[in-house]
Amino acid sequence: MAKLLWKPTEEVKNTANLTSFIKHVNSKQGKNFSGYDELYRWSVDSIADFWSTLWDFLQIKYSQKYTEIVDDPFKLPGAKWFQDAKINFAENLLKYRDSNTALIFKGESAIIREISYEQLYDSVARLSKSLRALGVKPGDRVVAYMPNMVETVMAMLASASIGAIWASCSAEVGLEAAADRLCQIEPLVLFTADEYLYKGKQFDILSKVKSLAERMPSLKKVIVASYSAEEPDLKQIPGAITFEDFLSPEEGLEIDFAQLPFDHPLYIMFSSGTTGKPKCMVQGAGGVLINHLKELILHTDLKREDVLFYITTCSWMMWNWMVSSLAVGNTLLLYDGNPNYPDPGAMWKVIAEHNVSVFGCSASYLNYLKSVGYNPKDKYNLSTLREISQTGSALSAEGFEYVYSEIKTDVWFNSISGGTDINGCFCAGNPISPVFAGQLQGPALGMKIAVYDDNGKPVTDHKGELVCEASSPSMPLYFWNDPDHKKYQEAYFNVYPGIWRHGDYVLKYSDTGGYTFFGRSDSVLQPSGVRIGTAEIYNHLDKMEQILDSLAIGQNWWGDQRIILFVKLGDGYHLDENLIKEIKSSLRENVSPRHVPALIYAVPEIPYTLSMKKVESAVTNLVNGLPVTNREALINPDCLDYYEKLLPELNR
């Protein structure tokens with residue numbers, strides 16, 4: 001069995017929201033559940049009963065209740081959820097109107113802003129009135145090209161209050177990548193900012209905004225927030241107005257929350273775009289709402305007194321996820337900038353200064369701290385921190401252990417995994433079960449997941465494809481500009497008809513019930529036909545102090561496939577014959593001979609998506625003579641130039 005790292009105390013279990021939900025289920029459904037496993041099994045065996053009980057427990061605000069929970073939960077795609085219900089997403093997030101702090105904004109500069117729930121409601125009311133006066137109506141698209149700041153949250157809420165469809169890209173995204181996403185959906189309004197800060201440098205983006213707006217003939221207005229509180233010069237952008245000037249001057253307004261069907265579109269989320277133009281996934285307001293609140297309240301154990309802080313940008317679904325926490329009434333801390341600027345202690349200083357209790361980050365962030373030997377527990381007062389949530393790419397068992405040895409011994413480490421596709425999790429944590437090194441605690445409630453082998457049969461204790469065998473409310477309604485649903489069908493249902501294939505290579509353990517993720521299944525290596533998850537290589541290399549990061553890809557070679565490994569080395573290290581020999585022998589002895597790369601190269605950077613996931617596909621395409629169709633989908637596209645320079649040597 002894997003190494004046990006954490007067990008909840010009786011106090012943690014007794015005060016957990018999940019425990020309250022179990023009591024609620026027992027009372028309403030006549031059950032006698034006491035633990036997570038039996039609750040989960042009921043949630044996927046009695047799907048309609050689970051979601052209806054959850055609806056009541058979460059106290060979803062509605063103007064008209066549903067007449068049927070779901071027509072057929074095994075209809076994939078196309079199941080209809082909570083039919084005839086009328087709700088408004090923003091109304092559920094703005095139910096608190098008191099003096100408690102709603103949002104704290106902290107960037108790399110000294111500027112800190114705090115606003116209360118009362119002030120947030122007032123600002124959204126004024127913004128919503130101005131958008132309506134502009135002619136925005138349900139179904140229109142409102143988009144953002146913005147930093148992670150207070151105005152971004154306000155704009156989303158105002159859009160949702162009307163029933164407009166929201167989509168966003170962060171300000172550091174390249175012009176072409178932003179255009180590839182936002183221009184597809186013909187927006188009526190563009191929210192943006194004049195600048196942003198990153199690694200201490202100021203970046204003026206108004207010239208990019210001008211070019212972006214010129215590609216959007218549907219635009220009626222460009223609304224520009226000031227990042228530094230100085231008045232931006234908007235002369236160069238036709239139809240532009242400052243955020244403050246656009247706000248209605250009226251005070252004391254009540255928001256006219258449009259009451260719309262449960263499946264009325266709320267968000268358009270974008271695929272990574274590393275293999276072509278990003279797909280536009282349309283997600284419904286009700287499905288996102290109930291799924292987010294399930295994950296925030298039950299799987300994250302979020303409470304009103306908490307301060308939630310997730311390292312994210314508005315290009316990543318974790319931004320949408322964390323903003324939904326406003327429905328809980330907690331304080332949400334928005335950070336914009338590089339998380340390691342000016343040093344690796346930057347985020348831990350924020351956590352200590354603002355009494356953060358729930359902190360979220362990516363695997364790449366933790367791996368970086370581990371690689372440079374940083375130990376926050378010795379440098380900062382982390383007494384308020386009770387939970388660390390981690391997502392993005394897979395984290396090794398050693399990464400889990402690093403959290404407990406160098407950050408905090410008595411913290412709940414909540415590793416989660418899902419996707420932009422469902423705006424949520426397939427696997428998640430829970431506060432009443434133990435944490436084992438390298439394992440996500442288990443499947444999320446209501447998500448009927450399984451692991452399939454090559455023959456499409458469910459397996460345990462063997463690696464395979466992560467699938468979902470039943471519908472869930474937050475699955476996409478459809479893809480934009482996909483009238484016959486061909487793109488939607490091909491994305492998830494062509495391998496196992498009627499079954500959602502998510503594209504993750506995973507293993508489910510029979511002894512703990514946990515899951516380990518080994519990377520994307522389309523990036524699985526197959527030397528001599530043996531399937532190898534790339535994370536198996538990364539997890540081992542993470543233990544080597546010389547290696548900061550790595551990327552493994554398969555090159556088609558004389559009718560077979562060989563593994564090529566790229567490594568980013570720490571300062572002072574060089575890829576000489578001794579290090580190459582050490583890497584190969586270590587992989588051979590500690591993992592398997594099949595995992596040993598044929599070639600190893602040192603590179604200055606590893607490519608990552610905007611949501612901080614390694615991009616094996618772009619380098620795989622380069623090495624195998626295929627085009628890289630969308631470099632702008634990467635957060636560091638210029639790094640591919642270095643890989644291209646290696647091609648003559650790789651193809652000898």
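The values are calculated or read from the model by the stated rules, or taken from the named source; none is laboratory data. Fair warning: this is a prediction, and the values are worked out from it, not measured in the lab. All Cβ positions, even for glycine, are placed from backbone atoms using ideal geometry, and neighbour counts span all protein chains on display.
Some values worked out for this structure:
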| read-out | value |
| --- | --- |
| Residue in the range 604-634 that is nearest to the chain's Cα centre (by Cα), counting only those that are buried (at least 19 other Cβ atoms within 10 Å of the Cβ), modelled with pLDDT of 85 or more and part of a loop (DSSP other than H, G, I, E, B) | 615 |
| Scan of the range 60-86 for residues that are among the polar types (S, T, N, Q) and assigned to a strand (DSSP E or B), ordered by number | 64, 83 |
| Of all residues in the range 219-230 being in a loop (DSSP other than H, G, I, E, B) and without any contact (Cβ under 8 Å) to a residue 60 or more places away in the chain, the one that is farthest from residue 182 (Cα to Cα) | 230 |
| Residue, surrounded by the most Cβ atoms within 10 Å (Cβ to Cβ), within the range 48-64, restricted to residues that are within 25 Å of the chain's Cα centre (by Cα) and aliphatic (A, V, I, L, M) | 54 |
| Filtered residue count, the range 457-504, keeping only those that are farther than 30 Å from residue 186 by Cβ and surrounded by 18 or more Cβ atoms within 10 Å (Cβ to Cβ) | 11 |
| Selection from the range 517-533 of residues that are surrounded by fewer than 21 Cβ atoms within 10 Å (Cβ to Cβ) and charged (D, E, K, R) | 522, 531 |
| From the options 516, 534, residue that is within 24 Å of residue 417 (Cβ to Cβ) and touching a helix residue (DSSP H, G or I) at 6+ places or on another chain (Cβ under 6 Å) | 534 |
| First in the range 622-648 and closer than 16 Å to residue 553 by Cα, second anywhere and assigned to a helix (DSSP H, G or I) and charged (D, E, K, R), Cβ under 7 Å, 6 or more apart | 622/644; 640/631 |
| All strands (runs of 3 or more DSSP E) inside the range 411-508 with 3 or more residues being without any contact (Cβ under 8 Å) to a residue 60 or more places away in the chain | 449-452, 463-468, 500-508 |
| Hits in the range 583-609 - residues which are of a type in the set (Asp, Glu) and under 18 Å from residue 527 (Cβ atoms) | 589 |
| Test: residue in the range 585-601 that is of a type outside the set (Lys, Arg) and in contact with a Ser or Thr (Cβ under 9 Å, 6 or more places away or on another chain) | yes |
| Cβ-Cβ under 6 Å pairs, at least 6 apart or on other chains, the range 77-96 side at positive phi, far side modelled with pLDDT of 95 or more | 82/66; 82/262; 82/286; 84/66; 84/67 |
| Selection from the range 441-456 of residues that are over 23 Å from residue 54 (Cα atoms) and modelled with pLDDT of 95 or more | 451, 452 |
| Among the residues listed as 209, 224, the single one being within 20 Å of residue 336 (Cβ to Cβ), out of contact with any Pro (no Cβ under 9 Å at 6 or more places or on another chain) and among the β-branched types (Val, Ile, Thr) | 209 |
| Residue 311 vs. criteria touching a Pro at 6+ places or on another chain (Cβ under 8 Å), touching a residue at least 12 places away in the same chain (Cβ under 8 Å) and either more than 21 Å from residue 183 (Cα to Cα) or assigned by TED's automatic domain parsing to the domain that holds residue 71 (or both) | yes |
| Members of the range 181-235 found to be under 20 Å from residue 246 (Cα atoms) and basic (Lys, Arg), listed by number | 210, 220, 221, 235 |
| Residue satisfying condition, being buried (at least 23 other Cβ atoms within 10 Å of the Cβ) and in contact with a Ser or Thr (Cβ under 8 Å, 6 or more places away or on another chain), within set 393, 415 | 415 |
| Qualifying position, being over 25 Å from the mean Cα position of the chain (by Cα) and buried (at least 23 other Cβ atoms within 10 Å of the Cβ), among 89, 82 | 82 |
| Whichever residue in the range 314-347 is among the small types (Gly, Ala, Ser) and at pLDDT below 95 and, among such residues, is farthest from residue 111 (Cα to Cα) | 315 |
| Boolean, residue 478 is modelled with pLDDT of 95 or more and more than 27 Å from residue 1 (Cα to Cα) | yes |
| Test: residue in the range 421-431 that is touching an Asp or Glu at 6+ places or on another chain (Cβ under 7 Å) and surrounded by fewer than 22 Cβ atoms within 10 Å (Cβ to Cβ) | no |
| Any chance residue 567 is surrounded by 19 or more Cβ atoms within 10 Å (Cβ to Cβ) and either touching a residue at least 60 places away in the same chain (Cβ under 8 Å) or touching a Phe, Trp or Tyr at 6+ places or on another chain (Cβ under 6 Å) (or both) | no |
| Positions within the range 584-637 being touching a His at 6+ places or on another chain (Cβ under 9 Å) and closer than 23 Å to residue 530 by Cβ, in sequence order | 586, 587, 588, 590, 591, 595 |
| Residue within the range 403-426 that is more than 20 Å from the chain's Cα centre (by Cα), acidic (Asp, Glu) and closer than 24 Å to residue 306 by Cβ present | yes |
| Output for the range 352-398, where each listed residue is within 30 Å of residue 551 (Cβ to Cβ) and of a type in the set (A, V, I, L, M, F, W, C) | 359, 361, 363, 366, 369, 372, 388, 394, 395, 397 |
| Unmet criterion (only one of (1) touching a His at 6+ places or on another chain (Cβ under 6 Å); (2) assigned to a loop (DSSP other than H, G, I, E, B)) for residue 57 | (2) |
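Conditions tested, residue by residue: (1) exposed (fewer than 15 other Cβ atoms within 10 Å of the Cβ); (2) over 27 Å from residue 161 (Cβ atoms); (3) at pLDDT 95 or above; (4) not aliphatic (A, V, I, L, M).
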position	(1), (2), (3), (4)
182	no, no, yes, no
200	yes, yes, no, yes
247	no, no, yes, no
259	no, no, yes, yes
265	no, no, yes, yes
276	yes, yes, no, yes
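A quick yes/no check of all residues on (1) over 30 Å from residue 168 (Cβ atoms); (2) in the same structural domain as residue 313 (by TED's automatic domain parsing); (3) of a type in the set (Phe, Trp, Tyr):
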position	(1), (2), (3)
566	yes, no, yes
569	yes, no, no
581	yes, no, no
586	yes, no, no
591	yes, no, no
608	no, no, yes
620	no, no, no
627	no, no, no
